Amino acid sequence: MQTLKIENLKVAYGGAQILHGVSLEVNEKEAVAVLGPNGAGKTTLMRAITGLAPITGGDVFYQEESVKKMKPYQFVGKGIMHCLENRRLFSEFTVKDNLMMGAYALNNKSEVEKNLETCFEIFPILKERLSQISQTMSGGEQQMIAIARGLMSSPKVLLLDEPSVGLAQIVKEKIFEGLDKIKKQGVTILLVEQDAVMAMGIADRIYIMESGKVVLSGSRSEMKDNPYVKNIYLGIA
């Protein structure tokens, strides 16, 4: 079943065209990765999906319903959680406070407690650091908080913008181990990432974006065998 569909999406800022008719789709319980260099338009794509960037053409569908005119705050109620680039934590709040902010729209206490336990299963270190101020934690731990905060809303779709940026390889591996657990729990994932190797570890399908356009797409196996992807994105001659 198709969950998210982006159709010929165009975005412009101040007369400068950033997205030139991007189309992609994400099926239910699928993990899809959008790869590409800096400046390709990946973050703009994610922001446009959730109403944070001005759409000048095309459409965004969630479960076959157009959502391009929805306000950013309405997406959480729809089951779409956008984990923004650079984490955007409440830096002076504790880990627990940050996590609970993700559950602000839930009225069911047992659901909140269940979600909290799920976060601990995915990122066990958070349970040990619940009372710690988030800004005193490492970059990788802060990224774990940001993803877990997104999970606290009981999302059907999780949008992740560059979750591994600026992190050491060993930390990236922990983050992506967590994302794999989230996928196995049935959450649909759309992931924007520069680290192609890490993204391909969990993605069912991949789109390559360059200069505001999708230039390649295919299954994980197809993309791993593609000479251009191997050379440019995987560093395999």
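Computed from the coordinates by the stated procedures, all read-outs in this text should not be read as laboratory data. This is a predicted model, so every value here is computed, not measured. Cβ atoms come from the backbone with ideal geometry, glycine included; neighbour counts cover every protein chain shown.
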Within region 34-54, residues among the polar types (S, T, N, Q), in a loop (DSSP other than H, G, I, E, B) and within 19 Å of residue 189 (Cβ to Cβ) come out as 50
Within region 3-50, how many residues turn out to be more than 17 Å from the chain's Cα centre (by Cα) and under 18 Å from residue 156 (Cα atoms)?
0
Inspect all residues belonging to region 223-232 and state whether any of them is touching a helix residue (DSSP H, G or I) at 6+ places or on another chain (Cβ under 9 Å) and of a type in the set (Lys, Arg).
yes
In the set 92, 65, 111, 7, which member is closer than 19 Å to residue 217 by Cα and surrounded by fewer than 19 Cβ atoms within 10 Å (Cβ to Cβ)?
7
Collect the residues in region 33-43 that are at negative phi and either in contact with a His (Cβ under 7 Å, 6 or more places away or on another chain) or surrounded by fewer than 23 Cβ atoms within 10 Å (Cβ to Cβ) (or both), keeping them in residue-number order.
37, 38, 43
Which count do you get for residues in region 166-196 that are buried (at least 16 other Cβ atoms within 10 Å of the Cβ) and of a type outside the set (Lys, Arg)?
17
Taking only region 107-151 into account, find how many residues are in a loop (DSSP other than H, G, I, E, B) and in contact with a strand residue (DSSP E or B) (Cβ under 8 Å, 6 or more places away or on another chain).
3
Going through region 188-234 one residue at a time, which ones are part of a loop (DSSP other than H, G, I, E, B) and without any contact (Cβ under 8 Å) to a residue 24 or more places away in the chain?
226
